[in-house]
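One structure is given here, and the rest of the page talks about it.
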Amino acid sequence: MQREVEEKSRYAVVAAVQLPSVSDNEFEASLSELRELARTLGYEVVRTFVQKRSSFDVTGYLGAGKRQEIREFVNNEPAEFEEIAASPDSRDIDTLLVDHEISPSQARNLEKEVGCEVMDRTMVILEIFHRNARSRAAQAQVEIARLGYMAPRLREAAKLAGPQGRQRSGVGGRGGGESHTELDRRKIRDRIAELQQEIAAMDVERKTQRVRRQKRQGFAGVALVGYTNAGKSTLMRALTGSEVLVANKLFATLDTTVRALYPESMPRVLVSDTVGFIKNLPHGLVASFKSTLDEALDASLLLHVIDASDPGFERQLEVTDGVLEEIGANVVPRIRVFNKIDHVGDAAAQAEREAALRTQYPDCVVMSARRPDDVAKLRQTIIAFFQQDLVEAELFLPWSAQQLRGGIYASCQVLEEYSDNEGTFFRVRGEPNVVKDLREQFSQSR
């Protein structure tokens, strides 16, 4: 008998300050994104508090009046919230989610004043990354980012701990005059250094494997890049026929997945999925996840996947372009793929959106990864890209070296084959260096 274990629901409120330089559309898009991040983390957001200010409050991010309003809501204090107490919003609030990265002192002051845990945007993203990392490399990268985030917050934790957190001693592994906080920070530095060494070793091994793979397979690489939840994993599965994880959650995919284009083509094309981008991605994560984005640097072609149904897709496009430029991948040839066109509306709405996209981005692909015909057209576009530099040539293989014919079919597209008394002639299409290597190999076998 299978038992179903239900996870206890957790409830959160969201708070954000809108600065004069931030437009209403951009502000609301960021809030929507945070609410989606919260859902991915398992929270149900029951209320959003917003405030317009010329700058963030240095002590508690929000103004004093807004902090009081949140405290009253979280604790169901005043009469003005009596109608809320009778509504579905009247639940035990576990966490206040802040739509910015805030300082350790701001977080500590907010927690004391509001009366519940406070998580800023960076901490939310780090927690999602921590839960979703599967490979050793991804786990190490996330741990580095988390440790880097926590290090400056130890001082605030020590303040909450009182004198005990600041006591000094020369025993128990601490140096003379070294506090608990200093010891913890030293441990963090040592752990980060250890993890960086592990990642460096894994990078060397991964690059070695990549070189072997390229030599063995006549490598042509495509990397899927784009905003998180734009449908990259669904497209990956459609292009390669593989069972990769598909989930309607932000950052469902953290580890790079590499699969061959299916049905296989000539040249053989390997498709890799990469971690999704997001607005205000913590800078430490951009750095620590650079190794997963290395697939984008090594690729010969990028498929920039964009959610055609999202009204804020232009902002998402800018975020991805910015990150790609930051890691040096902006020089790699790119095809913009507007996915999820089937989510736009009825056929007329889809046609209107497609026409507008093609006008604005003439060389783009507009499609749905759930439509086989659309996937087949994209596959042909990918193959055409890699075949544009192929050459046609004639190769001769004497009867005494027919054991080498398998290499021709493995590395080239055979257009024609015929034989005479001397051996077999092949008219092939392939990469120039591959054709040259085969011709030299066959001439030596005569």
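Tabulated values for the structure
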{"read-out": "Long-range neighbours under 9 Å by Cβ, at least six apart or interchain, first residue in a helix (DSSP H, G or I) within region 376-391, second among the aromatic types (Phe, Trp, Tyr)", "value": "ARG379/TYR262"}
{"read-out": "Criterion (surrounded by fewer than 23 Cβ atoms within 10 Å (Cβ to Cβ) and at pLDDT 65 or above) met by exactly one of LEU245, LEU250, LEU293, LEU235", "value": "LEU293"}
{"read-out": "Candidate set from region 40-49 (those that are over 17 Å from the mean Cα position of the chain (by Cα) and not in a loop (DSSP other than H, G, I, E, B)); member that is surrounded by the most Cβ atoms within 10 Å (Cβ to Cβ)", "value": "TYR43"}
{"read-out": "Test: residue in region 260-269 that is surrounded by 21 or more Cβ atoms within 10 Å (Cβ to Cβ), at pLDDT 85 or above and farther than 24 Å from ILE144 by Cα", "value": "yes"}
{"read-out": "Residues (assigned to a helix (DSSP H, G or I) and aliphatic (A, V, I, L, M)) located in region 118-139", "value": "MET123, VAL124, ILE125, LEU126, ILE128, ALA137, ALA138"}
{"read-out": "Candidate set from region 412-446 (those that are of a type in the set (A, V, I, L, M, F, W, C) and over 16 Å from PRO267 (Cβ atoms)); member that is surrounded by the most Cβ atoms within 10 Å (Cβ to Cβ)", "value": "PHE426"}
{"read-out": "Sole exception among (1) modelled with pLDDT under 90; (2) on the phi < 0 side of the Ramachandran plot; (3) surrounded by fewer than 17 Cβ atoms within 10 Å (Cβ to Cβ) for GLY162, by number", "value": "(2)"}
{"read-out": "Residue identified as at pLDDT 90 or above and among the polar types (S, T, N, Q) among SER419, SER411", "value": "SER419"}
{"read-out": "Residues that are without any contact (Cβ under 8 Å) to a residue 24 or more places away in the chain and under 43 Å from the mean Cα position of the chain (by Cα), drawn from region 392-418", "value": "ARG405, GLY406, TYR409, ALA410, VAL414, LEU415"}
{"read-out": "Residues of region 392-411 satisfying the condition of being surrounded by 16 or more Cβ atoms within 10 Å (Cβ to Cβ) and not in a helix (DSSP H, G or I)", "value": "ALA393, LEU395, LEU397"}
{"read-out": "Residue satisfying all of: in region 93-150; farther than 29 Å from ILE199 by Cα and among the polar types (S, T, N, Q); surrounded by the fewest Cβ atoms within 10 Å (Cβ to Cβ) among these", "value": "SER105"}
{"read-out": "Tally, over region 307-360, of residues that are surrounded by 14 or more Cβ atoms within 10 Å (Cβ to Cβ), assigned to a loop (DSSP other than H, G, I, E, B) and acidic (Asp, Glu)", "value": "1"}
{"read-out": "Residue list for region 57-76, filter: buried (at least 18 other Cβ atoms within 10 Å of the Cβ) and not charged (D, E, K, R)", "value": "GLY60, TYR61, LEU62, ILE70, PHE73, VAL74"}
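The values are calculated or read from the model by the stated rules, or taken from the named source; none is laboratory data. Not measured: the values here are computed from a predicted model. Note that each Cβ is placed from the backbone with ideal geometry, even for glycine, and that neighbours are counted across all protein chains shown.
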